[in-house]
Amino acid sequence: MAENIRQVLSRGEALRPQSESWQLDTELLLARVLNKPREYLFTWPEQELQLRQIEEFQQLLSRRKDGEPIAYILGKRGFWDFELEVNSSVLIPRPETEILVETAIELLSESRKTAAKIADLGTGSGAIALALAKSCSSSSVIAVDFSEDALNVAKSNASNLGISNIEFIQASWCDGLQDNDFDMIVSNPPYVAEGDAHLLEGDLLFEPSLALVATENGLGDLHTIALQCREKLKKGSWLLLEHGYDQKQAVAEMLERAGYFNIQCRKDLSGVDRLSFAQWGGSSF
């Protein structure tokens, strides 16, 4: 017996134990199968579906029920003011990271840098780098990642968005940066401690561990970046680092020891300490 859109959507109840957003997930999955916007589902709830459409929807629903992130199933995720292609080679861009982009743009505006030289270390999908390149169109951005697969995703996103003031380099952190006159370096590096229980929960279970986990109780890569960037930043230029909710003090102390000054921290939309940023002092080391 044929089922209509309303009836098929009711199958999403199976997601309730796995996802707080089970209704939205269900709607997004069915809209994907039908190649229609979500609004279509509510405009034509009595439309009957073909058997192949129901089977395809059920397959996607099963993947979500098994915990696979909705962004990976759909192959896309919204960030800033655009949509990004994502897959299991990259972290899923998160709203809390937008505070890094907002702060970077604010700092560049305050310094009246209209053609800044910016680097994004560990670019992943290219979310941060592309947001900065789009918002600061007169600036040049270098996006660095150790993973070739991740860079391929970022390059595809740049092409899809028509953003050209960006260059991609495969390297570990600052190793791929030849110049030493950057106006700003930003990074959302791995900062989860090895063995953290959260790695076995939710989206983190499916995301690349290389982009999540760091040594030194989650501080290893943050430390490496802070040290390496001293050779790449102009005196007085900014380093912006996203970090964990409980790492504010450790990161501040790390930056101070490394010779940075004007160290500040901002909270994300959830009120969590998420971003530390500071200026390079230009002292010898």
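Screening ILE105 with (1) under 23 Å from ALA129 (Cα atoms); (2) surrounded by 19 or more Cβ atoms within 10 Å (Cβ to Cβ) gives one miss only, at (2).
Are any residues in the range 1-57 closer than 23 Å to TYR72 by Cα, in a loop (DSSP other than H, G, I, E, B) and not small (Gly, Ala, Ser), and if so, which ones? Within the range 1-57, ARG16, PRO17, GLN18, GLU20, ASN35, LYS36, PRO37 qualify.
A quick yes/no check of all residues on (1) more than 30 Å from SER140 (Cβ to Cβ); (2) assigned to a loop (DSSP other than H, G, I, E, B); (3) assigned by TED's automatic domain parsing to the domain that holds TYR260; (4) at pLDDT 95 or above:
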{"position": "ASP179", "(1), (2), (3), (4)": "no, yes, yes, no"}
{"position": "ASP183", "(1), (2), (3), (4)": "no, no, yes, yes"}
{"position": "VAL186", "(1), (2), (3), (4)": "no, no, yes, yes"}
{"position": "PRO189", "(1), (2), (3), (4)": "no, yes, yes, yes"}
{"position": "HIS198", "(1), (2), (3), (4)": "yes, no, yes, no"}
{"position": "LEU204", "(1), (2), (3), (4)": "yes, no, yes, no"}
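Of a type in the set (Lys, Arg) and either under 17 Å from the mean Cα position of the chain (by Cα) or at positive phi (or both) - does that describe any residue in the range 222-231? The answer is no; no qualifying residue exists.
Restricting the range 106-116 to residues that are outside any helix (DSSP H, G or I) and among the polar types (S, T, N, Q) leaves a set whose member that is modelled with the lowest pLDDT is THR114. Put simply, of GLU242, GLU231 the only residue that is charged (D, E, K, R), more than 19 Å from ILE105 (Cα to Cα) and in the same structural domain as GLU110 (by TED's automatic domain parsing) is GLU231.
Let's see how each residue does on (1) surrounded by 20 or more Cβ atoms within 10 Å (Cβ to Cβ); (2) among the hydroxyl-bearing types (Ser, Thr, Tyr):
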residue: SER88; (1), (2): no, yes
residue: LEU91; (1), (2): yes, no
residue: ARG112; (1), (2): no, no
residue: ASP120; (1), (2): yes, no
residue: ALA127; (1), (2): yes, no
residue: ILE142; (1), (2): yes, no
residue: LEU151; (1), (2): yes, no
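Table: residues versus (1) acidic (Asp, Glu); (2) within 14 Å of GLN228 (Cα to Cα); (3) not in a strand (DSSP E or B).
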residue	(1), (2), (3)
ASP246	yes, no, yes
GLN249	no, no, yes
GLU253	yes, no, yes
ILE263	no, no, no
ARG266	no, no, no
LEU269	no, no, yes
LEU275	no, no, no
GLY282	no, yes, yes
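Selection of the range 1-17 for residues being within 17 Å of ASP66 (Cβ to Cβ) and surrounded by 15 or more Cβ atoms within 10 Å (Cβ to Cβ) yields ARG11, GLY12, ALA14, LEU15.
Counting the residues of the range 117-172 that are assigned to a loop (DSSP other than H, G, I, E, B) and either without any contact (Cβ under 8 Å) to a residue 24 or more places away in the chain or basic (Lys, Arg) (or both) gives 2.
The values are calculated or read from the model by the stated rules, or taken from the named source; none is laboratory data. A quick note: this is a predicted structure, and the numbers were derived from the prediction, not measured. Note that we place each Cβ from the backbone using ideal geometry, even for glycine, and neighbour counts take in every protein chain shown.
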